[in-house]
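Colleague: I am attaching a structure below and will ask some questions about it afterwards.
The values are calculated or read from the model by the stated rules, or taken from the named source; none is laboratory data. Since this is a predicted model, take the numbers as computed values, not measurements. Ideal geometry is used to build each Cβ from the backbone, glycine not excepted, and the neighbour counts take in all protein chains shown.
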């Protein structure tokens, strides 16, 4: 069994490369403003072409006011944790002498076939920053449906491998 906590990530302002007016192009730029609870139940959406759940509430993040850095802070959210169970069974069959034997092996990886989401990413690349863009609506929130086309904001980029079974036999001589 393996348990790994989710890696922290930062929600940054992706609409403008530098909303604070002081960037040199080397850093993440400005953060977003917190306008709601990121851990509130996310809105349900059935967007074509998007696989995976919406892990956090995108309406909790707003566009930072011009010439400010935003108030979200660094590493405020965590990617999903990962719990994985692997199992192996081995049986040793001696053959007429101590020098020869057969060994049968059955191994299962992710034996319970739990979905384990990948860490958050921006444009398909794992990163410690996730870009919020496409603001709109009454509070100028991220991913407002009336103004945004589908993208991957706060949606995991995929999942780890499903259950894998492996059988093997070894002749020992």
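Colleague: Is it fair to say residue 24 is at pLDDT below 80, assigned to a loop (DSSP other than H, G, I, E, B) and farther than 23 Å from residue 118 by Cβ?
Modeller: Numbers: at pLDDT below 80: yes; assigned to a loop (DSSP other than H, G, I, E, B): yes; farther than 23 Å from residue 118 by Cβ: yes.
For residue 24, the condition - at pLDDT below 80, assigned to a loop (DSSP other than H, G, I, E, B) and farther than 23 Å from residue 118 by Cβ - is met.
Colleague: Of the residues 94, 38, which single one is modelled with pLDDT of 85 or more and not in a loop (DSSP other than H, G, I, E, B)?
Modeller: Details: 38 fails: not in a loop (DSSP other than H, G, I, E, B).
Selected residue: 94, the only one of 94, 38 that is modelled with pLDDT of 85 or more and not in a loop (DSSP other than H, G, I, E, B).
Colleague: Another question, then. State which residue is modelled with the lowest pLDDT when the search covers only segment 159-170 and only residues that are out of contact with any strand residue (DSSP E or B) (no Cβ under 6 Å at 6 or more places or on another chain) and either surrounded by 11 or more Cβ atoms within 10 Å (Cβ to Cβ) or closer than 23 Å to residue 97 by Cβ (or both).
Modeller: Per the stated criteria, the residue is 160.
Colleague: From the residues in segment 115-135 that are under 20 Å from the mean Cα position of the chain (by Cα), buried (at least 16 other Cβ atoms within 10 Å of the Cβ) and part of a strand (DSSP E or B), which one is modelled with the highest pLDDT?
Modeller: That would be 117.
Colleague: With the requirement that a residue be surrounded by fewer than 13 Cβ atoms within 10 Å (Cβ to Cβ) and either in contact with a helix residue (DSSP H, G or I) (Cβ under 7 Å, 6 or more places away or on another chain) or closer than 30 Å to residue 7 by Cβ (or both), what does segment 88-109 give you?
Modeller: 88
Colleague: Could you figure out which of (1) surrounded by 13 or more Cβ atoms within 10 Å (Cβ to Cβ); (2) modelled with pLDDT of 90 or more isn't true of residue 112?
Modeller: Checking residue 112 against (1) surrounded by 13 or more Cβ atoms within 10 Å (Cβ to Cβ); (2) modelled with pLDDT of 90 or more, the one that fails is (1).
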